[in-house]
Amino acid sequence: MQVITTADGLAKALDAERAEGRTVGLVPTMGFLHAGHRSLIERSAAENDVTAVTLFVNPLQFGPTEDLAAYPRDAQGDQRSAAEAGAAYLFAPLVEEMYPGGAPLTTVDVAEISEPLEGRSRPTHFAGVATVVAKLFAIAGRGRAYFGEKDYQQLAVIRRMAADLSFPIEVVGCPTVREADGLALSSRNVYLTPDERAVAPVLHEALQRGRSLIEQGERDPAVVNAAMRAHIETEPRFTLDYAEVADAVDLSAPTRLAGEVRLLVAARLGRARLIDNVQAVVPSASSESSAASGADH
């Protein structure tokens with residue numbers, strides 16, 4: 001695996017690969033790689049001839065009270081993990097390389113999709129995410145880019161940005177990787193104490209409870225939201241931010257549930273701010289009536 005620290009170096013390396021007829025996959029990360037990141041790299045390596053992993057803790061997406069300075073880092077471990085998972089290139093630029101003139105005057109703001117949920121609590125976050133990902137897409141060029149569904153709103157923002165700005169990149173969403181007890185893998189899980197780690201799966205339990213209600217026929221999002229909140233609030237160590245069901249594409253709040261939706265939660269547990277989500281497909285009226293008819297017989 002080749003480690004590259006300049007944007008020009010990565011662009012030239014990937015252009016050369018494509019000139020030889022090879023396909024390129026891109027896996028943007030902020031480092032401290034865990035099994036969830038490795039699953040993205042492995043999928044890219046399976047679906048493309050060459051995979052480039054980016055390792056950059058992006059200051060633009062951290063608010064003034066957030067954990068930029070304390071964000072976990074392990075450069076040597078990340079190099080080893082990326083190589084073992086199948087990366088051909090690791091792009092590890094300094095902040096000065098990505099933002100040579102200081103904070104950029106040009107930023108990318110994906111309206112509407114960025115505004116609910118995480119956007120309410122972290123109003124500058126997604127502009128920082130979209131700006132750095134747009135830069136990485138411009139540097140890397142044509143190919144596929146892989147993102148985890150654990151950060152689902154981020155995935156939705158990036159999909160819309162890539163479509164709106166005509167980047168020649170296919171954005172690929174990959175399933176959330178979880179611990180055996182359901183906790184979604186996250187670099188910030190390292191902040192959890194043993195006692196906090198023991199109760200952390202309550203978030204996933206709340207999502208499962210909400211999805212179960214939908215699958216049983218609940219169509220009022222307020223009922224689903226209340227059930228998820230109530231389950232999280234059974235554990236007093238959580239400080240709940242949100243627990244909501246949203247449209248799966250634009251993350252708008254539905255007035256009545258139909259089609260594919262996404263259930264999303266965020267809460268603080270000690271030093272860690274944890275997020276998670278699951279998909280739910282609302283049964284159609286025809287499938288429900290067929291099931292009822294079958295039960296009658």
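Miscellaneous remarks
- Under a 5 Å amide H cut-off, with hydrogens placed 1.01 Å from N, Val3 pairs with Leu90 among residues at least 5 apart or on other chains.
- Of the GluC sites (Glu not before Pro) in the range 80-148, the ones in a loop by DSSP (not H, G, I, E or B) with at most 13 other beta carbons within 10 Å are Glu112.
- 0 to 90° range, to nearest 10: angle between helix 202-215 axis and the chain longest Cα axis: 60 degrees
- The range 92-162: C-alpha gyration tensor shape, a/c 1.5 cut-off, then a/b vs b/c: oblate
- Most fluctuating residue given options Ala88, Ala103, Ala13, as computed from a GNM of the chain linking Cα atoms under 10 Å: Ala103
- Backbone HN-Hα couplings from phi across the range 241-253 [Karplus 6.51/-1.76/1.60, Hz, Gly and Pro as x]: 9, 8, 8, 9, 9, 9, 4, 6, 9, 10, 6, 6, 7
- Degrees between helix 285-296 axis and first principal axis of the chain (Cα, 0 to 90, nearest 10): 50 degrees
- Antiparallel bridges, percent of DSSP beta bridges restricted to the chain (to nearest 5): 50 percent
- Pairwise FRET efficiency - Glu115 versus Ser166, Cβ, R0 = 30 Å, nearest 0.05: 0.85
- Per-residue 3J(HN,Hα) values for the range 27-43, derived from phi via the Karplus relation 6.51 cos²θ - 1.76 cosθ + 1.60 with θ = phi - 60°, read 10, x, 9, 9, x, 6, 5, 10, 4, x, 4, 4, 5, 5, 5, 5, 5 Hz in sequence order (x marks Gly and Pro).
- Here the Karplus curve 6.51 cos²θ - 1.76 cosθ + 1.60, taken at θ = phi - 60°, turns the phi angles of the range 44-55 into couplings of 4, 5, 6, 9, 9, 6, 9, 10, 10, 9, 9, 10 Hz, with x standing for Gly and Pro.
- Here Asp241, Asp49 are placed in order of increasing Cβ neighbour count within 10 Å, fewest first, which gives Asp49, Asp241.
- Most mobile of Pro116, Pro64, Pro93 in a GNM of the chain (Cα contacts under 10 Å): Pro64
- Among the trypsin sites (Lys or Arg not before Pro) found in the range 89-166, those both in a DSSP coil and sparsely packed, with 15 or fewer other Cβ atoms within 10 Å of their Cβ, are Arg142.
- Taking the fewest neighbouring Cβ atoms within 10 Å as the starting point, the ordered list for Leu136, Leu185, Leu165 is Leu165, Leu185, Leu136.
- Sequence of Tyr152, Tyr71 once ranked by neighbouring C-beta atoms within 10 Å, starting from the fewest: Tyr71, Tyr152
- Rounded, prolate or oblate (a/c below 1.5 giving rounded, otherwise prolate when a/b exceeds b/c) for the chain by Cα gyration tensor: prolate
- Förster-model FRET efficiency, 35 Å R0, Asp15 and Arg73, C-beta, rounded to 0.05: 0.75
- Pairwise label distance in nanometres, Arg142 with Thr193, each label 7 Å out on the Cα-Cβ vector: 5.5 nm
- Between 0 and 90 degrees, the angle of helix 221-232 with respect to the longest Cα principal axis of the chain falls at about 80 degrees.
- Full-extension gain in nm, Glu84 to Ser284, via 0.36 nm per residue minus C-alpha separation: 67.6 nm
- Amide H contacts of Glu170 (H built 1.01 Å from N, under 5 Å, at least 5 apart or other chain): Gly143, Arg144, Ala145
- Prolate is the label for the range 187-281, because the ratio a/c of its alpha-carbon gyration tensor axes (a ≥ b ≥ c) is 1.5 or higher and a/b is greater than b/c.
- Gaussian network model of the chain, Cα within-10 Å springs - most flexible of Gly101, Gly173, Gly141: Gly101
All of the numbers you see were taken from the coordinates with simple rules; none came from a lab. Note that the coordinates shown come from a computational prediction; the quantities given were computed from them, not determined experimentally. Cβ atoms come from the backbone with ideal geometry, glycine included; neighbour counts cover every protein chain shown.
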